[in-house]
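Each reported figure results from applying straightforward, stated rules to the coordinates on display, with no laboratory input. This structure is a prediction, so every number in the text was calculated from the model and none was measured. Reconstructed Cβ throughout: ideal geometry from the backbone, glycine too, with neighbour counts over all protein chains shown.
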Amino acid sequence: MVLLKVLREDARLAGWLRDLESEDDAPREITLPHADELPDVLLDLSVPHEDINDLVALRGRLARDDEAMTLLARCVARFVRDMGEIGKGWEPPSFPKSAGPLGRLFHVYVFVAALPYVRAYHRDRGVPEDVSRRTLADLGRQMAVHRRRRGTGGLPFPWWTALYFHGELFQLGRLQYQRARLGQRTGQAVAAATGRGLGPGDPCLSLHIPDFRGPLSPSGCERSLTLARAFFAEHYPEEPYEIAVCHSWLLDPQLRRYLPADSNIIRFQDRFELAHQETTPDDGVPVGFVFGDPELPVEELPRRSSVERAVVDHLRAGGHWYGGHGWFVL
């Protein structure tokens, strides 16, 4: 009851609750794994060992809170609706600190409770078990990111985790691939350059570079792309993917001032045609990805590697980093 009380005191979350409660979806029948079984489920999702005891302990508190369990069931019902449909996934909001440990970890229980539906969708699509396991293991990776940044268990961006639990994103080797559609500006660039009859709104694969996967080597990227071409042709034959896109600070051309032409990042950039670049800087993104926390003071950042030196030296010189939007033909 405490969790729901805190959420209703927040104007933004109170509106979210009202919308969720007004939807036609009846709460799903859900079964959280028993406390004795939960650690194995969490380990299969690569949840960090140091977070497991808290999740097992809070499971009992959650199960005894009827309102919180009803909320959990409603969240699962909304989440698995339109499973696999591009752009129709659920975007769970982050809960405030006042919601306490249960609020911080609530979405982890949503994803665990939705797991049978996710795995059923993967089976129906013929997704190999190893691809399913490595894709869903990103839950643990995101919890590791949260602990590195905040020192506690949790998810930094629950909406991101929702993408691969909703069948929209898959881990294939070094890279992740999100089933997506070309945006207006990138789609126009593709239409003008390729003559393939593709443009805004057509299917594309959006590439993401997960953390804790080693270097972004050209060989690793090439192997991943080979896996992706075969995977989507087999499991999503009705969605012809001819174009890959990436929206990332790694496509900022300013990196070429600091990194050698044969560096992994520049060779990754070389795969793409730059469709356009953001005009509003977002310096916290590279700081977060390179150093683990976007709010770290620039003057305290180390300069141990070529990438760290590039990010730090540019910012200390008064420069800014901008997101780039690129594409290439698969």
Point to revise | Part-to-part distance (alpha-carbon centres) for segment 38-109 and segment 111-165, which is given in Å | key: 11
Revision key, fill the gap. Between E91 and E37, the two model label points (7 Å from Cα along the beta-carbon direction) sit apart by a distance in nm of 3.4
Point to revise | Set of segment 71-87 residues, backbone N closer than 19 Å to the point 7 Å along the Cα-Cβ line of R123 | key: 80-84
Review point. For the chain, list the DSSP H helices whose alpha carbon atoms reach 30 Å or more along the long axis and whose average Kyte-Doolittle value is -0.5 or above?
Key: 100-125
Check your understanding: Can you give me the relative contact order of the chain as a percent, contacts being Cα pairs under 8 Å and 6 or more apart?
Key -> 14
Review point. Given a cut-off of under 8 Å on Cα pairs at least six residues apart, what relative contact order in percent is computed for segment 202-330?
Key: 35
Exercise for review: Go through segment 318-330 residue by residue and turn each phi into a ³J(HN,Hα) via Karplus (6.51, -1.76, 1.60, θ = phi - 60°); whole Hz please, and just put x for glycine and proline.
Suggested key: x, x, 9, 10, 10, x, x, 10, x, 8, 7, 7, 6
Point to revise | Inter-centroid distance (Cα atoms) of segment 238-261 relative to segment 174-192, Å | key: 11
Practice item. Only bridges with both residues in segment 173-330 count here: give the DSSP antiparallel percent, nearest 5. Key: 90
Check your understanding: Can you pull out the trypsin sites (Lys or Arg not before Pro) in segment 49-110 that DSSP calls coil and that have at most 13 other Cβ atoms within 10 Å?
Key -> R64, K88
Revision key, fill the gap. Measuring from its Cα centre, the chain shows a charge dipole (+1 at each Lys and Arg Cβ, -1 at each Asp and Glu Cβ) which, in debye to the nearest 20, is 560
